[in-house]
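Working notes, structure below.
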Ligand code: ADP
Ligand code: ADP
């Protein structure tokens with residue numbers, strides 16, 4: 001069954017003189033262990049879709065289901081809890097906390113969730129080792145390369161063992177070799193843990209390495225076959 005399901009999701013913004021309908025009945029289902037690429041031009045509504053899927057924004061219509069459970073009737077507090085526990089998010093520009101080490105950055109979401117320090121630290125070490133940056137665990141973000149920072153960000157995003165991983169250009173600002181390596185690390189994590197992943201990207205080569213590619217057309221989500 002789908003880990004994440006969007007059903008007829010609608011989202012509009014009130015612009016100065018008109019209503020901008022960004023999502024007009026978007027449907028999407030992500031199965032466990034599935035990686036889906038979202039390729040669409042700027043302004044098409046990718047962020048709106050990721051924010052709605054990530055329970056940051058409420059849809060105006062339709063429903064978002066996590067593990068089959070509808071999220072529309074949740075209170076704000078319940079939504080925040082579900083977001084913290086069930087959704088991992090990888091930002092394009094890391095957003096690591098600069099004054100904390102790589103290890104601490106991966107520990108913090110677990111501590112916020114209430115895990116004992118020792119457990120959080122063990123899991124953070126395990127994830128950093130898995131991402132092959134164990135030896136860099138005590139470094140602060142400024143002392144790490146872009147690729148290393150992004151791997152820390154990925155480790156942090158999955159630290160609480162989310163059901164769904166959402167990313168906006170997860171390898172966007174990395175050189176091709178690093179980008180390929182970071183993607184392989186992401187892919188291994190997704191396959192191994194059975195989480196469902198939705199990655200917005202402009203990189204067609206990267207998109208082709210995922211299970212399927214979708215785009216946005218007229219506020220709907222449709223299959224996409226990018227030009228070679
Ligand atoms: P993408 O991520 O594909 O670039 P977005 O989801 O950010 O697209 O935006 C889709 C459209 O909605 C754009 O035209 C954008 O200007 C508009 N938009 C996004 N967020 C808001 C907002 N909070 N208020 C008004 N308009 C918005
Ligand atoms: P902060 O608490 O630092 O302000 P937010 O949680 O508000 O950070 O997120 C900032 C941005 O990160 C959002 O606008 C969005 O682009 C992205 N983001 C964070 N978490 C999620 C999520 N669960 N789903 C989708 N987008 C997210």
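Looking only at residues in region 71-87 that are in contact (Cβ under 8 Å) with a residue 40 or more places away in the chain and out of contact with any strand residue (DSSP E or B) (no Cβ under 7 Å at 6 or more places or on another chain), which one is nearest to ligand 2 (Cβ to nearest atom)?
As a first pass, look at region 71-87 and keep what is in contact (Cβ under 8 Å) with a residue 40 or more places away in the chain: 84-87.
If we keep only those that are out of contact with any strand residue (DSSP E or B) (no Cβ under 7 Å at 6 or more places or on another chain) as well, we get 84-85.
Values: 84: 9, 85: 11 Å.
It comes out as 84.
Name every residue in region 1-44 that is buried (at least 21 other Cβ atoms within 10 Å of the Cβ), outside any strand (DSSP E or B) and either out of contact with any helix residue (DSSP H, G or I) (no Cβ under 6 Å at 6 or more places or on another chain) or modelled with pLDDT under 95 (or both), in order of residue number.
3, the sole residue that qualifies.
Would you call residue 167 surrounded by 21 or more Cβ atoms within 10 Å (Cβ to Cβ) and either within 16 Å of ligand 1 (Cβ to nearest atom) or assigned to a strand (DSSP E or B) (or both)?
Here the answer is yes, as residue 167 does meet what is asked.
Which ones in region 194-207 are touching a residue at least 60 places away in the same chain (Cβ under 8 Å) and either within 12 Å of residue 33 (Cα to Cα) or in a helix (DSSP H, G or I) (or both)?
Passing the criteria: 194, 195, 196, 197, 198, 204, 206, 207.
Considering each of 90, 106 in turn, give the residue that is within 16 Å of ligand 1 (Cβ to nearest atom) and either without any contact (Cβ under 8 Å) to a residue 40 or more places away in the chain or buried (at least 16 other Cβ atoms within 10 Å of the Cβ) (or both). Explain how you work it out, then say what you get.
Working: 106 fails: within 16 Å of ligand 1 (Cβ to nearest atom).
Going through 90, 106 in turn, the sole match is 90.
Out of curiosity, is residue 96 in a loop (DSSP other than H, G, I, E, B), crowded, with 17+ Cβ neighbours inside 10 Å, under 19 Å from the mean Cα position of the chain (by Cα) and in contact (Cβ under 8 Å) with a residue 24 or more places away in the chain? Before the answer, list the steps.
On the way: in a loop (DSSP other than H, G, I, E, B): yes; crowded, with 17+ Cβ neighbours inside 10 Å: yes; under 19 Å from the mean Cα position of the chain (by Cα): yes; in contact (Cβ under 8 Å) with a residue 24 or more places away in the chain: yes.
Considered against the rule, which asks whether it is in a loop (DSSP other than H, G, I, E, B), crowded, with 17+ Cβ neighbours inside 10 Å, under 19 Å from the mean Cα position of the chain (by Cα) and in contact (Cβ under 8 Å) with a residue 24 or more places away in the chain, residue 96 comes out as yes.
Looking only at region 111-131, which residues are surrounded by fewer than 17 Cβ atoms within 10 Å (Cβ to Cβ), under 21 Å from the mean Cα position of the chain (by Cα) and more than 16 Å from residue 101 (Cα to Cα)?
If the condition is that a residue be surrounded by fewer than 17 Cβ atoms within 10 Å (Cβ to Cβ), under 21 Å from the mean Cα position of the chain (by Cα) and more than 16 Å from residue 101 (Cα to Cα), then 112, 113 are the ones that fit.
So residue 180 fits all but one of (1) surrounded by 17 or more Cβ atoms within 10 Å (Cβ to Cβ); (2) assigned to a helix (DSSP H, G or I); (3) modelled with pLDDT under 90; what number is the exception?
Residue 180 satisfies every listed condition except (1).
Do we have any residue at all in region 27-34 that's without any contact (Cβ under 8 Å) to a residue 60 or more places away in the chain, within 16 Å of ligand 2 (Cβ to nearest atom) and touching a strand residue (DSSP E or B) at 6+ places or on another chain (Cβ under 8 Å)?
Taking every residue of region 27-34 in turn, none turns out to be without any contact (Cβ under 8 Å) to a residue 60 or more places away in the chain, within 16 Å of ligand 2 (Cβ to nearest atom) and touching a strand residue (DSSP E or B) at 6+ places or on another chain (Cβ under 8 Å).
Listed residues 77, 58; which is over 23 Å from residue 202 (Cβ atoms) and either exposed (fewer than 14 other Cβ atoms within 10 Å of the Cβ) or away from ligand 1 (no atom under 16 Å from the Cβ) (or both)? It would help to see each step written out before you state the result.
Working: 58 fails: either exposed (fewer than 14 other Cβ atoms within 10 Å of the Cβ) or away from ligand 1 (no atom under 16 Å from the Cβ) (or both).
Matching residue, one of 77, 58: 77.
Are any of the residues in region 141-157 within 16 Å of ligand 1 (Cβ to nearest atom), surrounded by fewer than 17 Cβ atoms within 10 Å (Cβ to Cβ) and at pLDDT below 95?
We begin by selecting, within region 141-157, every residue within 16 Å of ligand 1 (Cβ to nearest atom); these are none.
Looking for residues that are within 16 Å of ligand 1 (Cβ to nearest atom), surrounded by fewer than 17 Cβ atoms within 10 Å (Cβ to Cβ) and at pLDDT below 95, one finds none in region 141-157, hence no.
The values are calculated or read from the model by the stated rules, or taken from the named source; none is laboratory data. All figures in this text were calculated on a predicted structure; none of them were measured in a lab. No Cβ is skipped: glycine too gets one built from the backbone with ideal geometry, and neighbour counts run over all protein chains shown.
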